[in-house]
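K.L.:
Handing you a structure now.
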Amino acid sequence: MSELPKAYEPRAVEEKWYAAWIEGRCFEADPSSAKPGYSIVIPPPNVTGILHLGHVLNNTLQDILARRARQSGKEVLWLPGTDHAGIATQAKVERVLRESEGTTRHALGREEFLKRVWEFKDTHGDIIIRQLKRLGCSCDWSRERFTMDESYSRWVSHVFVELFKEGLIYRGRRIVNWCPVSLTALSDEEVIMTPRKSKLYFVRYELADGSGRHLAVSTTRPETLMGDVAVAVNPKDPRYAEFVGLTVRRPFPAAEIPVIADEHVDMEFGTGALKITPAHDKADFEISLRHGLEIIDVLTPDGRIDCPQCPDLHGLDRFEARKVAAAKLEELGLLIKVEDYENSVGYSERAQVPVEPRISMQWFLRYPCAGEAADAVADGRITFRPARWAKTYAHWMEHLQDWCISRQLWWGHRIPVWYRKDKLDALKQAAALGMEDFTRGDIHVAIDPPDDSDDWVRDDDVMDTWFSSWLWPFATMAEPGGNSALLRKFYPTDDLVTGPDILFFWVARMIMAGLRFTGDIPFRNVFFTSIIRDLQGRKMSKSLGNSPDPVELMDRYGADGLRFGLMRIAPVGSDLRFDEHSVEEGRNFANKLYNACRLRQMAGGGCVPPADPQDLPPYHIDILAKLDALAEDLVAGFAGYRFGEIAQRLHEFLWSEFCDKFLEAVKPDLRDGASEAARNATLATFDAVMSRYLQLLSPYMPHIAEELSARMGYISDGEFVMNRRLPETRLVDFDADVAQAKAAAVYESAGRLRNLKTECNVATRRDLRFIVRNHPAWIDAESRVLAMLAGAATISLEPDYDPPKGTPAAVTPCGECYLPLEGLVDVAAERARLEKEIAKIRGEVARCEAKLGNPGFVDRAPADVVDQEKARLADWIGKLDRLQAMLDALS
RNA sequence: GCGCGCUUAGCUCAGUGGUAGAGCACAUCCUUCACACGGAUGGGGUCGCAGGUUCGAACCCUGCAGCGCGCACCA
């Protein structure tokens, strides 16, 4: 027999099989296949991203689903690709340019900058793809897509044009979330509300009539005071009724502004008087529209004060200006007081600075098919797992706000709108643009530029990245507006696996886009993964440095080990606390499996054809039946998407059932001197179980399953276990209950005997003799196995045995077992043990008696529960009597 | 303010009304010919708190507390 290394070494094996699968085109989907289709689209990772544990979890789940579907006879398409990730990628390339060339995108110009981004994408874009391959992902790489591919880009423009024509996309001057670092608008979803300690300033606005009376206004943002155009009070507020219609003096720059009444003002908050700064607050903006007020913008796009009339503030950063403005008010005697205050401030997801509500011209989308999309989840056409996310979804869908889809970036899909050069100024000034301007011919909205393109100027902005991502399930499968064999075979997709953090960003929007542009839902099931946290419960993040590098983990534990370890601890609905120990366990599990097969290989003898299973010893029948049970449990587990439970079952079967019990029980059959029949039966059983087990394991640990299947000869050359159909027959098609009961009795008894040995302090001795009486008849044939499992020299069956007083004993399913130790027993220790045991059992007896003495229980509980309790009581009492006798004998 | 989760062994978590479970960690022992990435044995929990329903509650109901998340508001 060839010398196999003692420990499994995954690295080379995993690389070898991944290459073989690619070579064998195992992952490629055939849309013309007669088999039923099954499809998943990958949540496209950022093209310049690198693999983190969230990706590992997410993509392992998808790979398991895809591989299981292949085994179940489906034609599988797992469609991979990457996302151009507008802000993230542009920011990354800008940083690289700054650090390596000391230049900026503006210095390079739009065209040159985009060239650089494409170069960057070409050199770094496949890192994460290579990492996914390392993990073993069975994506159809021949169909890899990128959100800025030519045809995908046409889809994005097509959708924009269609929605524009439908009147759902419009351009308008609104308050948007502005990121002063990225210098672009953001959607509401990209703003993270964070509680922050700040100050509430109470400012005196004196009446312009010289009466000396004043209004006290409370504000957190004195630095925008220069943009004030009014002070508002609630019309129902009696305190201020007389002020409405008068004017007050704005502290600086000096101006008289009106006091107005508006329902929005909360009388309870602060002083009940609100300064109105329309350019820098959404509510103020809306009030200004209602009252026809002027809008004064006092901030630059990068968040500095733009107010030449106030030279001491002009040009200051907004937070610096806040302090200066407060000091200025103090100087003027207009600052009444400052209170500590905690409020929530919106932060830019990416730049991690507070966003600025800013008025600007942007493109907006009113969502299509919103009602139908809400219904699709509510009525179960789309299933969310865990189901509770459906509620979150429904809530969001009920409160849909128009989506700001334009971004002031260069990297992305440019808005497909051209303006007539001679109308440009007028169009720029317009408060809103829509269908009317289009039909008048002032703007051109189409996938392609206008013919006389010299007379037109294209819109500078690009679209929000998610405005391309929301088309992913179908835009990856067909040309714009078109149909394809792929789409017909694989759309709607079956499962979507993603994180709940992008429910609004992506999932909800995909449902609406799918319904609008294909007339069908994009997927049938959405499986929301856990959020991975560290052991302290913190989110994984780069800045905390608590995010382990999955590639390093794979280097140390193997891709299979990482996959299996993660799956085993992935809870169904809640967050996952990552512990590297679990990956280590995954690796250990692979090693255990490998060594079980090594044992088989060392026994040699090729693949022996199975004997008639009915004639096999009970251990063999037992393990065959347990494999059948495992296969069934997996069917149920997959139906319920209980991935963690499945991993647990796979682990338990191999380790506890197959190795700890079966292999230990049959070891003698593999040694020299065993009978040929016994040896054959054992080898055949091993192979029957292991070949199927490897198949069941294959979706979770595909590499080692393939390696061992090949090495053990379970598959032929050129065949792959990943492509083999799951068998529909059972290994045991007869009643195995008797055999299984015997096997269980022996395993259980062996445990009790080992336990007895430990208690008698002879755990390591192997020369002991157990004497058994009151045993079932069949035990005769199994006593040798029982002796071996118990670590005893012999088991003597002596029905008439009369144990000397004080002989240690254990009641087992295989009879009363005695361990005569002739002087080896420490009497005092044995007494102590017995007394302890007796006390414990008295407690149990008392509990049982109390329960059975309760008329309510006896009358009302189901008969079988009561019987069970009675049997239990009888057991305890019997055991108590025996122990008491042993104790008496000792004295 | 509204909503959703969670609270079970030292840790991470299973457990849908009938004797509290697993893995890890811990302790003791074992380098016996598949595996020390291993084997054997053991200790360890009044299931967050208080009520209620029930013969019986970790489980169902109510309230409370703590932790986490989402949404809204925030002058």
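K.L.:
Taking K and R as +1 and D and E as -1, what net charge do the other residues with C-beta under 14 Å from the C-beta of A:Ala513 add up to?
P.N.:
Once positives and negatives cancel, what remains is -2.
K.L.:
When all alpha-carbon pairs of chain A are counted, what percent fall beyond 38 Å?
P.N.:
Looking at chain A, the distances longer than 38 Å represent 60 percent of pairs.
K.L.:
While we're here: Holding the Cα-Cα limit at 20 Å, pick out from A:Lys165/A:Lys489; A:Lys133/A:Lys592; A:Lys6/A:Lys667; A:Lys757/A:Lys805 the pairs that are longer than that.
P.N.:
A:Lys165/A:Lys489; A:Lys133/A:Lys592
K.L.:
If you add up the charges near A:Phe504, with Lys and Arg at +1 and Asp and Glu at -1, over every other residue whose beta carbon is less than 11 angstrom from its beta carbon, what do you get? Present the calculation step by step, with values, prior to reporting the outcome.
P.N.:
Numbers: positive: A:Arg509; negative: A:Asp188, A:Glu189, A:Glu190, A:Asp501.
Counting the neighbours of A:Phe504, the net charge comes to -3.
K.L.:
Please turn the phi angles of segment A:288-298 into ³J(HN,Hα) values with the Karplus equation 6.51 cos²θ - 1.76 cosθ + 1.60 (θ = phi - 60°), one per residue in order, whole Hz, x for glycine and proline.
P.N.:
5, 5, 5, 10, x, 8, 5, 10, 10, 8, 10
K.L.:
For A:Val353, enumerate residues with amide H under 5 Å from its amide H, sequence gap 5+ or separate chain, H modeled in the peptide plane.
P.N.:
Excluding prolines and chain starts, which carry no amide H, the hits are A:Ser348.
K.L.:
Just add up the charged neighbours of A:Phe528: K/R +1, D/E -1, any other residue whose Cβ is under 10 Å from the Cβ of A:Phe528.
P.N.:
Details: positive: A:Arg385, A:Arg388; negative: A:Asp501.
Residues near A:Phe528 contribute +1 overall.
K.L.:
Over what distance in Å are the Cα centres of segment A:469-517 and segment A:15-87 separated?
P.N.:
After rounding, the separation between the Cα centres reads 16 Å.
K.L.:
Starting from the Cα gyration tensor of segment A:724-813, take the square roots of the eigenvalues, sort them a ≥ b ≥ c, and report rounded, prolate or oblate (rounded when a/c is under 1.5, otherwise prolate if a/b is larger than b/c, else oblate).
P.N.:
Note, shape of segment A:724-813 comes out prolate.
K.L.:
If you don't mind, another one. Note the angle between two axes, namely the Cα long axis of helix A:618-639 and the longest principal axis of the Cα atoms of chain A, as a number of degrees from 0 to 90, rounded to the nearest 10.
P.N.:
Rounded to the nearest ten degrees, it is 10.
K.L.:
Also: Give the Kirkwood hydrodynamic radius (Å, one decimal) of segment A:773-891, defined as one over the mean of 1/r across all pairs of different Cα atoms.
P.N.:
Result for segment A:773-891 stands at 16.5 Å.
K.L.:
Using packing as a proxy for protection, rank A:164-175, A:70-81, A:479-490 so that the peptide with the highest average count of other Cβ atoms within 10 Å comes first.
P.N.:
The packing order, highest mean first, is A:70-81, A:164-175, A:479-490.
K.L.:
Which value, in debye to the nearest 20, gives the size of the charge dipole of segment A:102-210 about its Cα centre, when Lys and Arg are +1 and Asp and Glu are -1 at the Cβ?
P.N.:
Values: 19 positive and 16 negative charges, 71 e Å.
It comes to approximately 340 debye.
K.L.:
How do A:Ile511, A:Ile305 line up, fewest other C-beta atoms within 10 Å first?
P.N.:
Working: A:Ile511 28, A:Ile305 25.
In order of increasing Cβ crowding within 10 Å: A:Ile305, A:Ile511.
K.L.:
Which percentage, to the nearest 5, of the DSSP beta bridges contained in chain A is antiparallel?
P.N.:
Percentage antiparallel, nearest 5: 70.
K.L.:
Further question on the same structure: Between A:Cys310 and residues 5 or more places away or on another chain, which pairs have amide H atoms under 5 Å apart, with H built 1.01 Å from N, and which residues are they?
P.N.:
Under 5 Å from the amide H of A:Cys310 lies no amide H from a residue far enough along the sequence or on another chain.
K.L.:
Can you tell which of A:Ala874, A:Leu834, A:Cys848 lies farthest toward the positive end of the dipole of segment A:814-891, using +1 and -1 charges on the Cβ of basic and acidic side chains (Lys, Arg; Asp, Glu)?
P.N.:
A:Cys848
K.L.:
Continuing with the same structure: 5 Å is the cut-off here: which amide hydrogens, built 1.01 Å from N in the peptide plane, fall below it relative to A:Asp461, excluding neighbours closer than 5 in sequence?
P.N.:
A:Ile415
K.L.:
Further, regarding this structure: Within a 10 angstrom radius of the beta carbon, how do A:Cys139, A:Cys597 rank from fewest other beta carbons to most?
P.N.:
A:Cys597, A:Cys139
K.L.:
Moving on. Picking from A:Phe770, A:Ala29, A:Ile621, whose Cα lies most toward the positive end of the charge dipole for chain A (charges on Cβ: Lys, Arg +1; Asp, Glu -1)?
P.N.:
Of the candidates, A:Phe770 comes out farthest on the positive side.
K.L.:
Okay, moving on. Once the dipole of segment A:149-285 is set up with Lys and Arg at +1 and Asp and Glu at -1 on Cβ about the Cα centre, which of A:Gly212, A:Thr224, A:Ala255 lies farthest towards its positive end?
P.N.:
The one lying farthest along the dipole's positive direction is A:Gly212.
K.L.:
Take every Cα pair under 8 Å in chain A that's 6+ residues apart, average their separations, divide by the length, and report that relative contact order as a whole percent.
P.N.:
So the answer I get is 12 percent.
K.L.:
Sticking with this structure for a sec: How large is ³J(HN,Hα) for each residue in segment A:199-213, as worked out from phi by the Karplus curve 6.51 cos²θ - 1.76 cosθ + 1.60 (θ = phi - 60°), to whole Hz, x for Gly and Pro?
P.N.:
10, 10, 9, 9, 10, 8, 10, 7, 5, 6, 7, x, 6, x, 6
K.L.:
Counting Lys and Arg as +1 and Asp and Glu as -1, each charge on the Cβ, what is the dipole of chain A about the Cα centre in debye, to the nearest 20?
P.N.:
Details: 112 positive and 135 negative charges, 214 e Å.
In debye, rounded to 20, chain A gives about 1020.
K.L.:
Once every DSSP H run of n ≥ 4 in chain A is given -39500 (n - 2.57) and the sum is divided by its residues, what mean residue ellipticity at 222 nm do you get, rounded to the nearest 500 deg cm²/dmol?
P.N.:
After summing the helix terms and dividing by residue count, I get -13500 deg cm²/dmol.
K.L.:
Please list, in order along segment A:728-734, the HN-Hα scalar couplings obtained from phi with the Karplus expression 6.51 cos²θ - 1.76 cosθ + 1.60 (θ = phi - 60°), rounded to whole Hz, x for Gly and Pro.
P.N.:
Whole-Hz 3J(HN,Hα) from phi for segment A:728-734: 9, 8, 9, 6, 10, 10, 10.
K.L.:
Taking Cα pairs under 8 Å and at least six residues apart, what relative contact order does segment A:571-702 come out at, in percent? Write down the numbers at each step before the final one.
P.N.:
On the way: 68 pairs, mean separation 48.9, N = 132.
This gives 37 percent for segment A:571-702.
K.L.:
May I ask you to sort A:His620, A:His291, A:His55 by Cβ crowding, counting other Cβ atoms within 10 Å and putting the fewest first?
P.N.:
So the ranking, lowest neighbour count to highest, is A:His291, A:His55, A:His620.
K.L.:
If you fit an axis through the alpha-carbon atoms of helix A:389-398 and take the longest principal axis of the Cα set of chain A, what angle between them do you get, 0 to 90°, nearest 10?
P.N.:
Between the helix axis and the principal axis of chain A, the angle is about 20 degrees.
K.L.:
Which value, in debye to the nearest 20, describes the size of the charge dipole of segment A:566-720 about its Cα centre when Lys and Arg Cβ atoms bear +1, Asp and Glu Cβ atoms bear -1, and nothing else is charged?
P.N.:
On the way: 15 positive and 24 negative charges, 43 e Å.
Once rounded to the nearest 20, the dipole reads 200 debye.
K.L.:
Please state the relative contact order of segment A:120-242 as a whole percent: Cα pairs under 8 Å, 6+ residues apart?
P.N.:
Computed value for segment A:120-242: 9 percent relative contact order.
K.L.:
Hey, rough spin-label estimate for A:Asp237 and A:Ala839, points 7 angstrom out along Cα→Cβ, what's it come to in nanometres?
P.N.:
Label at A:Asp237, label at A:Ala839, 7.4 nm between them.
Values quoted throughout were computed directly from the atomic coordinates according to the rules given, and no laboratory measurement underlies them. Keep in mind the model is a prediction, meaning the values are calculated, not measured. Cβ sites come from the backbone with ideal geometry, for glycine too, and all protein chains shown count toward neighbours.
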